[in-house]
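For reference, the structure is listed below as structure tokens.
The values are calculated or read from the model by the stated rules, or taken from the named source; none is laboratory data. Since this is a predicted model, take the numbers as computed values, not measurements. When we count neighbours, we look across all protein chains shown, and the Cβ atoms used for this are built from the backbone with ideal geometry, even at glycine. For accessibility, only protein heavy atoms count, side chains too; no ligands or nucleic acids. Shrake-Rupley method; radii C 1.70, N 1.55, O 1.52, S 1.80 Å.
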Amino acid sequence: MENSSEAAAVIQAMAECRDLSPQEKIRHLLASGNELFKTSSALVSRVQGSKYVVEYSVSQEAEVDPGTEFSLGDTYCVHTLQSEAPLAFHQAGSSEIAGHPCYDMFRLETYIGAPVKIGGVAWGTVNFTAIEAREPFEETELELMAVLSDAVASELVASGQAASVHSGDKVT
């Protein structure tokens, strides 16, 4: 994808596509995100308390099976959920998270992720990673990450995997 307007158009077209199931749309969104962010792996996770559960995985390196669980504290997504906004590291080993358990376990240098919110409540995360460092993320990429996260949230609701809730309700 050449620019952010082209990327936004791809995300919008995917959301409007009637030929794909919600699950297929999520996989296509993840593949498009890998291309857009120059990453090799993408995950959609559901967070349940301190448990991080993989729901979708698209990877050029090693797929993570749906249902695979990690401790939330062992993932970079713990920081994303705390920030409540898209978060990115282009060279994690030289950043404030260099000593993070996820870095120690997987040596992921590149990370961009965002909370997946259903009805204003954090349901989980969507993230893109690579073992190689890259150039710093631009503000437009963080904005696209938010759009992509919203698209994933819509498809999770459409698929029945996440119930649409009101802001005061908890997602279970």
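What are the aspartates and glutamates whose alpha-carbon lies under 16 Å from the alpha-carbon of K51, with same-chain residues fewer than 8 places away excluded?
Cα-Cα hits under 16 Å: D65, E69, D74.
What is the spin-label model distance, in nm, from S5 to A163 if the labels are put 7 Å beyond Cα along the C-beta direction?
In this crude label model, S5 to A163 measures out at 4.3 nm.
Stretch C17-E35 to full length: gain in nm at 0.36 nm per residue minus the Cα-Cα span?
Answer, rounded to one decimal: 4.6 nm.
In the Gaussian network model of the chain, springs joining C-alpha atoms below 10 Å, which of C77, C17, C102 carries the largest mean-square fluctuation?
Most flexible of the set in this elastic network: C17.
Would you give the gap between the C-alpha center of segment 1-72 and the C-alpha center of segment 117-131, rounded to a whole Å?
Centre-to-centre (Cα) distance: 10 Å.
Rounded to the nearest 500 deg cm²/dmol, what is the calculated helix-only ellipticity per residue at 222 nm for the chain, with -39500 (n - 2.57) per DSSP H run of length n ≥ 4?
The helix contribution divided over the chain gives -11500 deg cm²/dmol.
Search the structure for amide H atoms under 5 Å from the amide H of F137, placed 1.01 Å from N in the peptide plane, and list their residues when 5 or more places away or on another chain.
H90
Averaged per residue, what accessible area in Å² does the chain show with a 1.4 Å probe, protein chains only?
49
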